[in-house]
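As structure tokens, the structure follows; a few thoughts come after it.
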Amino acid sequence: MENKESKISRRKFVKIAGGITFLVTGYPLWARYKHKEGVETSLEKEISAWVQISTDGEVRIFNPVAEMGQGSMTALAVLVAEEMDADWSKVKIEYSPIDPKIYGRSWGGGRGGGTMMTVGSQAIRGYYENLRHAGAQARYVLLKAVSEKWKVPINDLSSANGYIKSKQLNKKISFGEIASFKNIEIEIPEIPVDQWKKPEDFKLIGKYVERYDIPEKVNGNAVYSIDVRLPNMVYAFISRSPVHGAKPTLTNLNELKESAGFVDVVEFDHGIGVVAETVQQGFVLKRKMKINWSKGSTAETHTSAKAYSEYEKIADNPNENWKVINDKGDASKSLAQLKNTYEADYKNDYAYHAQMEPLNAVASISNDGTSADVWVGTQSAAGAKITAVKALSIAPSNVTIHRCYLGGGFGRRSMSDYVHETCMIAGKIKRPTKLIWTREDDLRYGAFRPMSLQRLRAGLNDRGNLKVWQHSIIGTGGNLMTSGASTDYYTFEDQQIQMKSVDHGIRTKHWRAVGHGSTKFAIEAFINEIAYDQQKDPLDIRRELMRNHPRALNVLNRVAERSNWGSVTPEGRARGIAFAERSGSLVGGVCEISVNSNSGLIKVHKIWAVLDAGIVVQPDNALAQTEGSIIFGISSALKESISIKNGEVQESNYHDYNVLRMTDVPDILDIDMITSNESPSGIGEAALPWVPGAIAGAFLKLTGKKMRHIPFTKERVLEVLGS
Amino acid sequence: MSTTNFTLNVNSKKYTVDVEPETPLLWVIREYIGLTGTKYGCGLAVCGACTVHLNGKPMRSCVLPVSGAVGSKITTIEGISEDGNHPMQEAWIKEQVPQCGYCQSGQIMQAISLLNKNSDPSREEIKSHMNGIICRCGTYNRIIKAVERVTEENK
């Protein structure tokens, strides 16, 4: 049967009539459109796909992704503006509607049509072609319109900085004036890649452009969902299971009802929500709730400190049923044959996202119950929408998600649990509701980077070269643990990667760089140990492994050169080196550390890092992301640990869940980016995974001792130094 | 838990609010007065996102009951300049400091309070003064650069 929709959807046209709106005919979008003041002006207005040009020259570009600090809100608009030759000073950036068919991207690039999730450092590479193409189409429409109006051939026209110019007529016209043309209808063709701008002609891509969101982030005007206030709004808090899976029974409802400001309670499987007239009354009511929690959940039996010995037994078991991640050659057999082999176990604790804005959302349902508005900072726009639609039982077309800035995401905001909670409460009490997670809620009901134990085994041939590699990962959280275990840039003759996941009933989730944070630690720390034992330069051992990957080798050599690797370090300091790939980007890094043998504190003094991420759309922002990733990496290596006892999270706030602070940051963060015309790859996480392994390498060089358990807390350092 | 009228001086304007006396100043500023640039991060004075000035000195507003702020001159991020053009804000833009931005009001308020008492701080003094304000995105090195930029410009 003929698929009419797909046939129509291939045809795109634009109509110029009091402004230019680029329509996609296959998907007529009807959405309520609101002005900034929150006043509904037009109920049914066609929404353009990527860009609108007003008669006053304003170019509105729609941003499909979450803005959580990674800066892609600006970078994506740059892609459109670049190809259409817009005047950047006239560009306004707004969140796009939530419709993955139009605004989604494909995993790993292509022309979109897939997910709207903002995860995995995917924004630039996922939209790079799609948005440049949209910009090229917009430019074509502008040229075509002028060519018809002025009756000149299209190739007589050129574009620059918001104007179209005719050589023949020697005059130019602004985009705003073109938008004022009447009744011109133009079919938009596909623009072949070879007609897009050449890199040497870029005016915005690869250049310095100030981030669009920064001015309102320094004057207090940036709106996060926690900032939304509505008339008649109430405040909701939830007391959630201290042990995951425990079900609540509220035992003092009558007492709560007597309390000032009580509005209602809302029961969930995982907790009890309480709603109050004021925020302070909400805090008080939350503390007052008396809840009996059911016993018998899986998590109750889990104590994280004890789980490692369980993992060791799994690693020891010759008959274990592993999930195979990668299997080249026969690592077990080769290891048995080689004389020169190494084995070591590496551990990592659970880690918490610790984004600065605790989870929250605001929901408001219309008086007749047929429509709803939800304000949320989310990495999963479509997920938030579906969650709200289901929780409220309101048709998707009547549920509007207002996307706000995210006070950090790092993976946690790709879940929609807090959206579900907010909508369930607002749906029950029928008043605008702000749900606030306290910091303690956010931490204790966190979804953590998995804990794991990694057993690494390696074999060297007679020439002392690394030949065989076996990497066994045991922990909780399934595939979250294994990202980054593969090492395509290192050549081993035999390489086996295998995983065993144990369910402890603990919530786990993607965390900045996901499993790379732990797998790259183990890999790089192990290589540094082998080099140390073999009395080889850890740079050289990696060079040899990178013999078939010139791009990675180039990155490694660059960082060695930049850091003057091998030079004499000051007394009491040592350097470590490591390499990692994440989201397609390659990073080599060197750190210089000292260790206080009395306090057990490791201090990172200097960092050198080199990044190869292909074409970099926004170099200064890429630098900022790299700085941030390195800080995050140091933080995870030295500080961050969630411990669980009988299912209960033991930490509660920033005083006992430590993250890196200002006095801990290195004096020098020297970052270099390799410029190339390779396809862009992800930058938001790339510089995190190499850090812990490099610190371990420096520690080994300095002390002769091996740090194999992240974080390298004072206590662990003292224990290792005393061993 | 009954409510009481409190009159506060915020950004040189008088506001009278009817709230429970234990309500932390943070939530009065945010939810009653509507100045939402000051953020909630921890509620324990350990992250600094809620930092405002009380008579020019930095104060973690998440642990100060509103009753304790009466009679003081309270300044929030919204009150340091008319158009976001305080030298510290301009330096923050020039150095492209914020990422997610959530902690930055607190960072800026803390940084201004440093220069109020020490116009030429060393890097170590900057670090130590700013240590109470967490930035999870890791913008610390840019914050230092921005503060040093303002210090240089003042010379």
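Entry remark, the range B:122-146: residues being farther than 26 Å from A:His655 by Cα and buried (at least 19 other Cβ atoms within 10 Å of the Cβ) number 1 in total.
Across the range A:631-678, the number of residues qualifying as in a helix (DSSP H, G or I), within 24 Å of the chain's Cα centre (by Cα) and at the interface with chain B (Cβ under 7 Å from one of its Cβ atoms) comes to 3.
Where in the range A:57-163 are there helices (runs of 4 or more DSSP H), lying fully within it, with 3 or more residues that are touching a strand residue (DSSP E or B) at 6+ places or on another chain (Cβ under 9 Å)? Steps first, please.
Numbers: elements: A:72-84, A:100-103, A:123-150.
The qualifying helices (runs of 4 or more DSSP H) are A:72-84, A:123-150.
Of the residues A:Asp349, A:Asp330, only one is at pLDDT 95 or above, among the acidic types (Asp, Glu) and touching a Pro at 6+ places or on another chain (Cβ under 8 Å); which? Break it down into steps so the answer makes sense when it comes.
Values: A:Asp330 fails: touching a Pro at 6+ places or on another chain (Cβ under 8 Å).
Only one candidate passes the filter, namely A:Asp349.
Do we find a residue being at pLDDT 95 or above, over 30 Å from A:Val659 (Cα atoms) and assigned to a strand (DSSP E or B) anywhere in the range A:293-307? Let's see the steps before the verdict.
Here is the first cut: in the range A:293-307, the ones at pLDDT 95 or above are A:293-307.
After this cut, where a residue has to be over 30 Å from A:Val659 (Cα atoms) as well, the list is A:293-297.
Of the ones still in play, those that are also assigned to a strand (DSSP E or B) are A:293.
Yes, the range A:293-307 contains a residue that is at pLDDT 95 or above, over 30 Å from A:Val659 (Cα atoms) and assigned to a strand (DSSP E or B).
Number of residues in the range A:225-258 that are farther than 30 Å from A:His302 by Cα, touching an Asp or Glu at 6+ places or on another chain (Cβ under 7 Å) and either assigned by TED's automatic domain parsing to the domain that holds A:Val78 or among the β-branched types (Val, Ile, Thr) (or both): the value is 2. Considered as a group, the residues in the range B:22-49 that are assigned to a loop (DSSP other than H, G, I, E, B) and more than 9 Å from chain A (Cβ to nearest Cβ) include one that is nearest to A:Tyr224 (Cα to Cα), and that residue is B:Gly48. When the range A:649-676 is examined, which residues are found to be among the charged types (D, E, K, R) and closer than 14 Å to A:Tyr352 by Cβ? A:Glu651, A:Asp656 - these are the residues of the range A:649-676 that are among the charged types (D, E, K, R) and closer than 14 Å to A:Tyr352 by Cβ. For the range A:73-100, filtered to residues that are free of Cβ contacts under 8 Å to residues at least 60 places away in the same chain and surrounded by 24 or more Cβ atoms within 10 Å (Cβ to Cβ), the residue that is nearest to A:Ser380 (Cα to Cα) is A:Leu76.
Search the range B:77-102 for residues being within 7 Å of another protein chain (Cβ to nearest Cβ) and in contact (Cβ under 8 Å) with a residue 24 or more places away in the chain, and hand back the single one that is nearest to B:Gly41 (Cα to Cα).
Restricting attention to the range B:77-102, the residues satisfying the condition of being within 7 Å of another protein chain (Cβ to nearest Cβ) are B:77-78, B:84, B:89, B:92-93, B:96, B:98-102.
Narrowing the set further to residues that are in contact (Cβ under 8 Å) with a residue 24 or more places away in the chain leaves B:77-78, B:92, B:96, B:98-100, B:102.
Working: B:Ile77: 16, B:Glu78: 18, B:Trp92: 21, B:Gln96: 22, B:Pro98: 16, B:Gln99: 16, B:Cys100: 13, B:Tyr102: 9 Å.
Looking at residues that are within 7 Å of another protein chain (Cβ to nearest Cβ) and in contact (Cβ under 8 Å) with a residue 24 or more places away in the chain, I get B:Tyr102.
Among the residues of the range A:410-448, those identified as over 24 Å from the mean Cα position of the chain (by Cα) and assigned to a helix (DSSP H, G or I) are A:Cys423, A:Met424, A:Ile425, A:Ala426, A:Gly427, A:Lys428, A:Ile429. Against the conditions (1) over 30 Å from A:Tyr127 (Cα atoms); (2) surrounded by fewer than 20 Cβ atoms within 10 Å (Cβ to Cβ), A:Ser676 satisfies every one except (1). Of all the listed residues (A:Glu216, A:Glu200, A:Glu129, A:Glu148), the sole one being over 34 Å from the mean Cα position of the chain (by Cα), of a type in the set (Asp, Glu) and either farther than 30 Å from A:Lys428 by Cα or within 14 Å of chain B (Cβ to nearest Cβ) (or both) is A:Glu148.
Among the residues making up the range B:1-42, those that are of a type in the set (Lys, Arg) and either touching a strand residue (DSSP E or B) at 6+ places or on another chain (Cβ under 9 Å) or at pLDDT below 95 (or both) are B:Lys14, B:Lys39.
Taking first residues from the range A:691-708 that are free of Cβ contacts under 8 Å to residues at least 40 places away in the same chain and partners that are among the β-branched types (Val, Ile, Thr) and surrounded by fewer than 19 Cβ atoms within 10 Å (Cβ to Cβ), the Cβ contacts under 8 Å between residues at least 6 apart in sequence or on separate chains come to A:Lys705/A:Val720. If you go through the range A:342-354 one residue at a time, do you hit one that is surrounded by fewer than 16 Cβ atoms within 10 Å (Cβ to Cβ) and either without any contact (Cβ under 8 Å) to a residue 60 or more places away in the chain or not in a loop (DSSP other than H, G, I, E, B) (or both)? Yes, the range A:342-354 contains at least one residue that is surrounded by fewer than 16 Cβ atoms within 10 Å (Cβ to Cβ) and either without any contact (Cβ under 8 Å) to a residue 60 or more places away in the chain or not in a loop (DSSP other than H, G, I, E, B) (or both). Screening A:Ser393 with (1) among the small types (Gly, Ala, Ser); (2) more than 28 Å from A:Ala513 (Cα to Cα); (3) surrounded by 24 or more Cβ atoms within 10 Å (Cβ to Cβ) gives one miss only, at (3). Inspect the range A:665-677 for any residue being assigned by TED's automatic domain parsing to the domain that holds A:Ala522 and in contact with a Cys (Cβ under 9 Å, 6 or more places away or on another chain) and give the result as yes or no. Yes - at least one qualifying residue is present in the range A:665-677.
The values are calculated or read from the model by the stated rules, or taken from the named source; none is laboratory data. What you see is a predicted model; the values in this text were computed from it and never measured. Glycine gets a Cβ as well: all are built from the backbone with ideal geometry, and neighbour counts include every protein chain shown.
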